[in-house]
1. Please go through segment 1-37 and give me each residue that is closer than 15 Å to HIS152 by Cα, part of a helix (DSSP H, G or I) and either of a type outside the set (Lys, Arg) or without any contact (Cβ under 8 Å) to a residue 12 or more places away in the chain (or both), ordered by number.
2. Looking at VAL90 and the list (1) out of contact with any Ser or Thr (no Cβ under 6 Å at 6 or more places or on another chain); (2) at pLDDT below 95, which single condition is not satisfied?
3. With GLU88, GLU112, GLU92 as the choices, which residue is in a strand (DSSP E or B) and acidic (Asp, Glu)?
4. Quickly run through segment 38-78 and pick out the residues that are touching a residue at least 60 places away in the same chain (Cβ under 8 Å) and either of a type in the set (Ser, Thr, Tyr) or surrounded by 11 or more Cβ atoms within 10 Å (Cβ to Cβ) (or both).
5. I need the full set of residues from segment 18-38 which are of a type in the set (Lys, Arg) and within 19 Å of LEU148 (Cβ to Cβ), in order please.
6. State all residues of segment 6-34 that are among the acidic types (Asp, Glu) and either over 17 Å from the mean Cα position of the chain (by Cα) or not assigned by TED's automatic domain parsing to the domain that holds GLY45 (or both); if no residue qualifies, say none.
7. Any idea which residue in segment 96-118 is farthest from the chain's Cα centre (by Cα), counting only those that are loosely packed, with under 13 Cβ neighbours inside 10 Å and either farther than 12 Å from ILE133 by Cα or acidic (Asp, Glu) (or both)?
8. Considering only residues of segment 97-150 that are aliphatic (A, V, I, L, M) and without any contact (Cβ under 8 Å) to a residue 12 or more places away in the chain, which is farthest from LYS58 (Cα to Cα)?
Amino acid sequence: MDAIDKKILALLQNDGKRTHVEIARSVNLSPPSVLERIRKLLSTGIIRRFTVLLDPKKVGNALTAFVHVRITDPRCDEQFVQCILAQEEVLECHRVTGDYSYLLKVKTGSTEDLNSLIAHCIRSIEGVTSTSINVVLESAKEEPGISLKYCHLDPSSGRNANPRATRKTERAENPKRAAGRAQERPAAGGAERS
């Protein structure tokens, strides 16, 4: 991954609907080159998938809670994870250090729905010995994007944000497009375009 890939990722995280033509303008590459880069980011798993971000309250999921789950028998972990993966109210499931084994982030419609999820699903899973629940009163920040601050660029990729290097990279990635551009340029000493 190079600096251009990083910029493409930032643009897509900000607006996943953005077309490769719009992205191409922002990163000074041709649309086919951008599309190829996006395909590579998908095939390598850097981009896991494209999705839609919904407003939870507008679709009836007004309550957010964090549920701590203690499992004393490690042999029950796999069954617990499989059960949790099947619950659409559970947005995140993390194995953690400390007094509890797992931390879940859940969104439900009401406290009754949360209670039902805890009582009839989570606490009924074999191995679960206790839970602790924190209901969110207010969220100051809840962003789905990932920081690219710690993204390591690969200097051996030969790519660079330098426009000259970008044109070289573009020629390598899309020789037909680069050849077409070369034909459009005026010959040395020729008339300049207005």
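The values are calculated or read from the model by the stated rules, or taken from the named source; none is laboratory data. Quick caveat, the model's predicted, so the values are computed rather than measured. Reconstructed Cβ throughout: ideal geometry from the backbone, glycine too, with neighbour counts over all protein chains shown.
1. Let us first name the residues in segment 1-37 that are closer than 15 Å to HIS152 by Cα, namely 1-10.
Going one step further and asking which of them are part of a helix (DSSP H, G or I), we end up with 3-10.
Across segment 1-37, the qualifying residues are ALA3, ILE4, ASP5, ILE8, LEU9, ALA10.
2. (2)
3. Details: GLU88 fails: in a strand (DSSP E or B); GLU112 fails: in a strand (DSSP E or B).
One residue alone meets the criteria, GLU92.
4. Scanning segment 38-78 gives LEU63, THR64, ALA65, PHE66, VAL67, HIS68, VAL69, ARG70.
5. Step one: list which residues in segment 18-38 are of a type in the set (Lys, Arg), which gives 18, 25, 37.
Scanning segment 18-38 gives ARG18, ARG37.
6. Taking segment 6-34 as the starting set, the residues that turn out to be among the acidic types (Asp, Glu) are 15, 22.
Correct list: GLU22 only.
7. It comes out as GLU112.
8. Within segment 97-150, the first condition is being aliphatic (A, V, I, L, M), and the residues that meet it are 103-104, 106, 114, 117-119, 122, 125, 128, 133, 135-137, 140, 146, 148.
If we keep only those that are without any contact (Cβ under 8 Å) to a residue 12 or more places away in the chain as well, we get 119, 137, 140.
Numbers: ALA119: 26, LEU137: 17, ALA140: 18 Å.
Filtering first and then ranking leaves ALA119.
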